[in-house]
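Below: one structure, written as structure tokens.
The values are calculated or read from the model by the stated rules, or taken from the named source; none is laboratory data. These numbers come from a predicted model, not from an experiment. In this analysis, Cβ positions are derived from the backbone assuming ideal geometry, glycine residues included, and neighbour counts consider all displayed protein chains. Heads up: the accessible areas ignore ligands, DNA and RNA and are worked out on the full protein's heavy atoms, side chains in. Shrake-Rupley method; radii C 1.70, N 1.55, O 1.52, S 1.80 Å.
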Amino acid sequence: MKNTLLLGAHMSIEGGLHRALERGHSIGCTTIQIFTRNNTRWAARDLLDEEIRQFQRTLTQHSIRPVFAHCSYLINLAAGNEFYEKSIAALITEVLRADSLGLPFVVLHPGAHMGKGEDEGLIRVVAAINQVIDATSKAKCKIVIENTAGQGSCVGCKFEHLAYLWTHVNDQNKLGFCIDTCHLFAAGYDIRTEKTYAHTFKSLLNHVPLSSIFAFHLNDSKKELGSRVDRHEHIGKGRIGKMAFRCLLNDSRFVSVPKVLETPKGKDLAEDVINLKCLRRMVKKA
């Protein structure tokens, strides 16, 4: 199990996309998540051919697989406002950028309904994803929906929401899910003990198939169970505690699913090193 553990962190692309790979390699990551663009702006210039070649050369040099992307936080597919069409266009760009880099999927927050109601929000998300899948039909890159904490009017915080998206998107081959432990806990799903972990994941897999789980975000939570507040904390330092992560890391169903940190950190990656060391110690020896 040790040799197949896909464990890493979100890495900065400051200085170039390939630098994220170098940063991840420097601390022993076997998988990483990146942004392929500035995640706080709508506009994004096209990737240069040399940038793509440099990224792929560096990827070949380091045994980090898979590398996957996270979409811009500005995208909101659940809202019925002026940003809806803009969000669809932005997601198309995200998929095509990731595909040009050879990334297998992009992680997406589904969005907030902004007072329109959960049902209306989910209908809009499905319609938008179907439109994006049609517009990027030649791309191999998939769209992976991240569960949310339910902060504000965000959809995606209930397993029923994920099930709705799974059953209503036209092409399930282009869709998957990323499960964030902090969001799971903040949304009210307890994972702090072996018993509650087993119950929560049994429920999850009753709503979506195991094969649809493409990634995990490993984050402890600053806030309590059911707070619906999205605040990440270092592993074992928050309200979740270590047992949930020990259960997940040793769950044979998810051994081949990449798991990345999104915990607070500085530029020197010291916090990532500490968190990764903590997680690796939890893995049972074969």
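Taking the criterion of being over 13 Å from Ile32 (Cα atoms) and open to solvent by less than 10 Å² (accessible area, probe 1.4 Å), the only residue of segment 251-262 that qualifies is Phe254. Within segment 169-180, the set of residues being surrounded by 15 or more Cβ atoms within 10 Å (Cβ to Cβ), in contact with a helix residue (DSSP H, G or I) (Cβ under 6 Å, 6 or more places away or on another chain) and not aromatic (Phe, Trp, Tyr) comprises Val169, Lys174, Gly176.
Can you find a residue that is small (Gly, Ala, Ser) and within 21 Å of Ala149 (Cα to Cα) anywhere in segment 240-259? Give the derivation first.
Quick first cut of segment 240-259, residues small (Gly, Ala, Ser) only: 241, 244, 252, 256.
Now restrict to residues that are within 21 Å of Ala149 (Cα to Cα): 241, 244.
The answer is yes; a qualifying residue exists.
Quick test of your reading of the structure: Ser211 fulfils all but one of (1) touching a residue at least 12 places away in the same chain (Cβ under 8 Å); (2) closer than 21 Å to Ile145 by Cα. Name the failing condition by number. It fails just one condition, (1).
Residues of segment 261-286 being in contact with a Ser or Thr (Cβ under 9 Å, 6 or more places away or on another chain) and assigned to a loop (DSSP other than H, G, I, E, B), which ones? Walk me through it before giving the result.
Kept after step one, since they are in contact with a Ser or Thr (Cβ under 9 Å, 6 or more places away or on another chain), are these residues of segment 261-286: 267, 269, 271-272, 275.
Of everything in segment 261-286, those that are in contact with a Ser or Thr (Cβ under 9 Å, 6 or more places away or on another chain) and assigned to a loop (DSSP other than H, G, I, E, B) turn out to be Lys267, Leu269.
From the list Thr93, Thr36, Thr60, the lone residue that is assigned to a helix (DSSP H, G or I), within 20 Å of the chain's Cα centre (by Cα) and not aliphatic (A, V, I, L, M) is Thr93.
What do you reckon, is Leu248 open to solvent by 30 Å² or more (accessible area, probe 1.4 Å) and aliphatic (A, V, I, L, M)? Break it down stepwise before answering.
Details: open to solvent by 30 Å² or more (accessible area, probe 1.4 Å): no; aliphatic (A, V, I, L, M): yes.
In short, no.
When segment 63-79 is limited to residues that are in contact (Cβ under 8 Å) with a residue 60 or more places away in the chain and part of a loop (DSSP other than H, G, I, E, B), the one that is surrounded by the fewest Cβ atoms within 10 Å (Cβ to Cβ) turns out to be Pro66. Filtered by the rule that a residue be charged (D, E, K, R), part of a loop (DSSP other than H, G, I, E, B) and more than 16 Å from the chain's Cα centre (by Cα), segment 220-253 gives Lys222, Lys223, Glu224, Arg228, Lys237, Arg239, Lys242, Asp251. Scanning segment 214-228 for residues that are open to solvent by 10 Å² or more (accessible area, probe 1.4 Å) and not small (Gly, Ala, Ser) yields Phe214, Lys222, Lys223, Glu224, Leu225, Arg228.
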